[in-house]
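Only one structure is covered here, and it is reproduced in the block below.
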Amino acid sequence: MRVVAVLGVGLLALAACSKPEEKAATADGAGAAASAPSGPIAAPKRKPGLWLQTVSSTAGSQETKLCLDESTEAKMTVWGQAAGKDICAKNTITPMAGGWRIESECDFGEAGKNVSTGTITGDFNTKYVLKMSTTTTGAKMLQMNGTQEMEMTGVWQGACPAGMKPGDMTLPGGATININDVAALGGK
């Protein structure tokens, strides 16, 4: 089960390594050049407060709680531009009917090369759903190679409770980490 939590956090970080998209498709996915915006896409942001995130995969299901404020969301958004930006040769986010399509190709060294595709939908004020398929090749630990399917559902719970600061993530089993501190350890 710990693998599911790590997978969920890892996939969030993977999705967070995106670079601005040069050209976006239209919202209906038609990709008409005349109506496609040029420059970075303004992706939606999750509402500040407490989010209950449920990560489901073939390994099982686990829940985490994440306290967000605007600053943390800007650094660690579902598809932000901070984490891992130098390891991903491809990272695109394009609008589609009802949400966004995510595609990435990232090299994690001994942990292998990941090719991920997915979608994210929702209103980001009350709920969002991230569905991701990641294929890992070339990992030294052979059991890491293969394709993993993951779905993460985030549901807004209200204001963060007393004692929980922005960036705090409560993991299964009750341990709490602060994702702002984890990002700082990565050189950010």
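Annotations
- The lone exception for Q157 - which of (1) assigned to a loop (DSSP other than H, G, I, E, B); (2) open to solvent by 50 Å² or more (accessible area, probe 1.4 Å) it fails: (1)
- Any pair with Cβ under 8 angstrom, 6 or more apart, that starts in the stretch 52-74 at a residue that is under 26 Å from S133 (Cβ atoms) and ends at one that is crowded, with 20+ Cβ neighbours inside 10 Å and among the hydroxyl-bearing types (S, T, Y): L52/T64; Q53/T64; V55/T64
- Counting only residues that are assigned to a loop (DSSP other than H, G, I, E, B), of a type in the set (S, T, N, Q) and surrounded by 15 or more Cβ atoms within 10 Å (Cβ to Cβ), the stretch 107-127 holds 0 of them.
- Residues satisfying the stated conditions in the stretch 128-141, i.e. surrounded by 15 or more Cβ atoms within 10 Å (Cβ to Cβ), of a type outside the set (A, V, I, L, M) and closer than 18 Å to T153 by Cβ: Y128, K131, T134
Here's the yes/no breakdown for (1) at pLDDT below 95; (2) over 23 Å from N180 (Cβ atoms):
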residue	(1), (2)
G60	yes, yes
E73	yes, no
C88	yes, no
P95	yes, yes
W100	yes, yes
E103	yes, yes
F108	yes, no
T136	no, yes
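- Residue within the stretch 157-171 that is touching a Phe, Trp or Tyr at 6+ places or on another chain (Cβ under 7 Å) and either farther than 22 Å from K65 by Cα or polar (S, T, N, Q) (or both) present: yes
- Condition check for W100: open to solvent by 50 Å² or more (accessible area, probe 1.4 Å) and among the aromatic types (F, W, Y): no
The values are calculated or read from the model by the stated rules, or taken from the named source; none is laboratory data. Please read these numbers as outputs of a predicted model, since none were measured by experiment. Note that we place each Cβ from the backbone using ideal geometry, even for glycine, and neighbour counts take in every protein chain shown. What goes into the accessible areas is simple: the full protein's heavy atoms, side chains included, and nothing from ligands, DNA or RNA. Shrake-Rupley method; radii C 1.70, N 1.55, O 1.52, S 1.80 Å.
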